Structures are given as structure tokens and as C-alpha cells.
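Okay, structure first, notes after.
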Ligand SMILES: [Zn+2]
């Protein structure tokens, strides 16, 4: 009879929470999520395992150099004066020490091992667990490079990040991409509980109300773990907030009265849900099929209406034909500053 690993009747995937989980005994005992391909090993150690360890980032000097140089360069675009950064698993604080040279910011760490003593001398504050950080503190950026694969309860950590991160700040995470090296079929590292897939790491953070902004592979932790995934996420806004923001953008660009040029599919899906019909002076379209039909409660007019609205703002409500309509409106006397395109409204994603 086939041996099973452990009783896992109540076992759920730690990333996507499905119970479609199987256990395997080779190459060593572990679980596999059939939905998001996460693999994880039974936790082998006590909660206090890391407390007496030290030299957590000890590695070849070259590796530490390559890694810190790349991360420092990558982080530069996020830095600004007065910001507060938290790094989970800061070891002896070598990354924080160099990042602090790049901007007048405050850099804090969380580190359970003895390395925290050294980190304290370089950083602005170090706790031995993120659970010890006072809840009134907020950070403008949170970093966790090669930490999550070590942690048994990853959900608890990600929800802690949510609590500690400011509303607009980025969360930057790096974990091995499965084994962390394309040449290596399985990660036997005893400290690594989790082998993440791109789907499982996305599930883990999205379930904790984060929104994925970027996910890349092939990042360098060491010559061994040279295929890491880097994830950039931010707090997810609720649907109402997103909708209100879009209402505001239309209002900011168009004011309270405007002409719509284009009453087709883009108008229906991208414009009409976010404006008031009462603010529309008229809807114009050049298609004979559209002219005379009812759109958004209005009768669509032909291009002859353009010259009757010379002083008004125009929204070109079609993406595909926006350039030719822009030129045509301009030729008929509508100034460039009066014309708004869908690109103006939607292109800014910051
Ligand atoms: Zn899963």
C-alpha cells in the first residue's frame, strides 16, 4: 500500500487555501497543491530555531557584492527623503547600510537571529519579529529578500505587512523560483519550507489584499539561488475607491460640460459608467449607423454639430481612431487644449 506522509485531512494550501493537496515522499516528504503548484515541507523546527544563529548572510564576498549592488540600484527609484523602510530578515544590516547612503531616510529591520545585534549598530531600529513592531508605526516600503521560504506561517507575515505598510507604499519580496536554480530539481535546504511557483506567491499576497504590480524571474541571491522571483505589490484599493478616482479624473479633465465624440463601444465601456449624462452637451459620431440612434439617453448627432460647440471641451471617446479625430477637430477650430483623449484619462497608472 502506498505510504502517505502525514494525516492531512485538514491540510490546505498555505497560498491559495484549496484542500486539493497531495503528499509525496520523494525526493523528501512534502505536500503539493494541485491548484497553484505550491510545494511545501512539514515545518521541522521550533519557533526559536533562529534565535541562537548568527552570520546569516555569510557567503562569498563576490556574491554579497553582486546581490547588494543590484538591489541598491533597483531600490534607488523608490527612495525619497524622510521615508521609512522596513526590511524583514535584515541579517546584519548590510543592505540597509548602503541604502541609507542614497537618501536621508530611516531604515528599520526585523531579524530573529543574533545578527540583529550588529544590525542595530547600522540601522535606525531593529526588532526580533515583525509582531514586536508597535501597530502605530507605518512604513513607506517593506522589503523581504529570501525570507518567506523560511517561514512556516507565511499568511501571518503577509497580513503583518499589510498592517505596517502605508497605503501607497510598495511591498518588495524575493523568493526562490521553485528550487531557485534551473539546474537543481529540488531544494533540499533544511531551512526552506516553501518552494514557490509564480502562481502560489501571487495567490499568497493577493489573498491578503495586495495587488500585484510586477513579477519577474532570474534574480540573483547567490550562485546557487540564481533564479529568484521578485514581486512588487501594493495595497489593493477597494472597487469603490477605484471608481471614485476615475470619476474624479473625468471631472478634472472635462469639467461639468463637454461634448462626446464617438458613441460606440469605448464610450459605453470606458466612459459612460463614470460620467453623468446631464454633463454631456451632445454626443457626435461620424458613422451613419450611429447618427440618429439613442446612446446614453441622447440622440447621436453628426459632425456638423462640431462648429456649434466651438468653445467647449471635447472628449474623443474612441481609442482606435483618436488621432484622426483629433486632427479633424483641430482643423475645424477646436484648440488642442480643448481636446481630451482616452489616453489622457487612462494612461497614468501611478
Ligand atoms: Zn495552492
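Bear in mind these aren't lab numbers, they're just calculated from the coordinates by the rules spelled out. What you are looking at is a predicted structure, and each value in this text was computed from that prediction instead of being measured. With ideal geometry, Cβ positions are generated from the backbone for all residues, glycine too; neighbour counts draw on all protein chains shown.
Compactness check for the stretch 74-120: Cα Rg over 2.2 N^0.38 Å is 1.12.
Computed on the stretch 240-346, with alpha-carbon pairs under 8 angstrom and 6+ residues apart, the relative contact order is 29 percent. If both residues of a DSSP beta bridge must be in the stretch 45-237, then about 45% of such bridges are antiparallel. The distance from the alpha carbon centre of the stretch 197-224 to that of the stretch 286-317 is 47 Å, rounded to a whole number. Looking at the chain, the DSSP beta bridges with both ends there are about 45 percent antiparallel.
For the listed peptides 193-202, 75-84, 11-20, a ranking on the average number of other beta carbons within 10 Å per residue, highest first, reads 193-202, 11-20, 75-84.
When a/c reaches 1.5 or more, the comparison of a/b and b/c decides; with that in mind, is the stretch 45-237 rounded, prolate or oblate per its Cα gyration tensor? All intermediate terms of the calculation are to be shown ahead of the outcome.
Working: a/c = 1.26, a/b = 1.12, b/c = 1.12.
Here the stretch 45-237 falls in the rounded category.
Taking the empirical scaling 2.2 N^0.38 Å for compact globular proteins as reference, the stretch 240-346 has a Cα radius of gyration ratio of 0.98. Spacing of the modelled spin labels on residue 244 and residue 217, each 7 Å from Cα toward Cβ, amounts to 4.0 nm. In summary, the convex hull built on the alpha carbon positions of the chain has an orientation-averaged projected area of 24.5 nm². The angle between the Cα long axis of helix 322-331 and the main principal axis of the chain comes to about 40°, on a 0 to 90 degree scale. For the chain, modelled as a GNM with alpha-carbon contacts under 10 angstrom, which of 329, 123, 165 fluctuates the most? Maximum fluctuation in the GNM of the chain, among the listed residues, is at 329. With respect to the chain, whose longest principal axis is taken over its alpha-carbon atoms, helix 61-75 is tilted by about 20°. Expressed as an acute angle from 0 to 90° and rounded to the nearest 10, what is the orientation of the C-alpha long axis of helix 239-254 relative to the principal long axis of the chain? Its long axis makes an angle of about 40 degrees.
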